[in-house]
Every structure is written in C-alpha cells, then in structure tokens.
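Accompanying notes for the structure given below.
The values are calculated or read from the model by the stated rules, or taken from the named source; none is laboratory data. Please read all numbers here as calculations on a predicted model, not as lab measurements. Every residue, glycine as well, gets a Cβ built from its backbone with ideal geometry; the counts of neighbours run over all protein chains shown.
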Amino acid sequence: MSMPPGIAFIIKLAGGIFMVCSLSELKDKEVVDIRTGERLGTVDDVRFDTVTSMVTGLVIYGRRGFFGTLGGDDTEIPCSAIKVIGTDIILVDHHELTFSTNIGRNSFKSLFE
C-alpha cells in the first residue's frame, strides 16, 4: 500500500512522551543503541495500531546476503524502547528489542512502498 509522505502517526516513547511523526520523517533514519553506540540499521517499516493510528513499533529488516539469501534477522523496536527521535538518528534501548526472521516483510504490504 502506498501512503502519502504527509501522513502522520502518534508515537508514545519511553517515559510516556508522545510525538507526532510522518512516515517520511521515520524512513531511513539511523537507529542507534543508546547504551553501546552500536548502529542497528535504518528504519525500513513501521507497525501501527489501525484502531488508534498509533505506531506500536519500528522495523529494521535484516540485510539480505548472497543472491537475497542468508540474510540477518529482522529487528522490531517497540515504542517503549525508543528514547529519542532526533533529526537524523533514533536512540533506542537495545535491551527491549526483539529479533526475528522475517517479522513482516512478506506478510503485509510495507507502508513505504
């Protein structure tokens, strides 16, 4: 599903802080672990609640390997793990992340396509 870049969603960050972000503001932002400084990747997709229109998490797809196979695990970042959304970077607490193979890459249409 193709979404206009101006569509905005509400994100509840750690500490109960609410932010309104558009999809284009989140796409391709670098995600960094606040504890170690490790770069986790860039935002590839979002998870959201269709009833409340609130973002429930961000998704970083595992990078594909040789001929699109043997890629790494996908990472889902719940909003509770997001500490700060800056202009270029999103700081997260790695302790609260989940890793999975193909979190949703093929099960639903990306909002960014």
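Applying the set (1) crowded, with 16+ Cβ neighbours inside 10 Å; (2) at pLDDT below 80 to PRO5 leaves exactly one unmet item: (1).
Only one residue in PHE67, PHE108, PHE112, PHE99 is assigned to a helix (DSSP H, G or I), of a type in the set (A, V, I, L, M, F, W, C) and either more than 13 Å from the chain's Cα centre (by Cα) or at pLDDT below 70 (or both). Which one?
So the residue among PHE67, PHE108, PHE112, PHE99 that is assigned to a helix (DSSP H, G or I), of a type in the set (A, V, I, L, M, F, W, C) and either more than 13 Å from the chain's Cα centre (by Cα) or at pLDDT below 70 (or both) is PHE67.
If you filter region 40-61 down to residues that are under 17 Å from THR87 (Cα atoms) and outside any strand (DSSP E or B), you find that the one that is farthest from the chain's Cα centre (by Cα) is ASP44. Checked against (1) of a type outside the set (Gly, Ala, Ser); (2) under 18 Å from SER80 (Cα atoms); (3) surrounded by fewer than 19 Cβ atoms within 10 Å (Cβ to Cβ), LEU26 passes all but condition (3). Which members of region 16-39 meet the condition of being in a loop (DSSP other than H, G, I, E, B) and without any contact (Cβ under 8 Å) to a residue 40 or more places away in the chain? Result: ILE17, ASP28, GLY37. Within region 37-62, if we keep just the residues that are modelled with pLDDT under 90 and loosely packed, with under 14 Cβ neighbours inside 10 Å, the residue that is farthest from LEU91 (Cα to Cα) turns out to be VAL51. Does ILE11 satisfy being crowded, with 16+ Cβ neighbours inside 10 Å, touching a Gly at 6+ places or on another chain (Cβ under 8 Å) and modelled with pLDDT under 90? The answer is no for ILE11.
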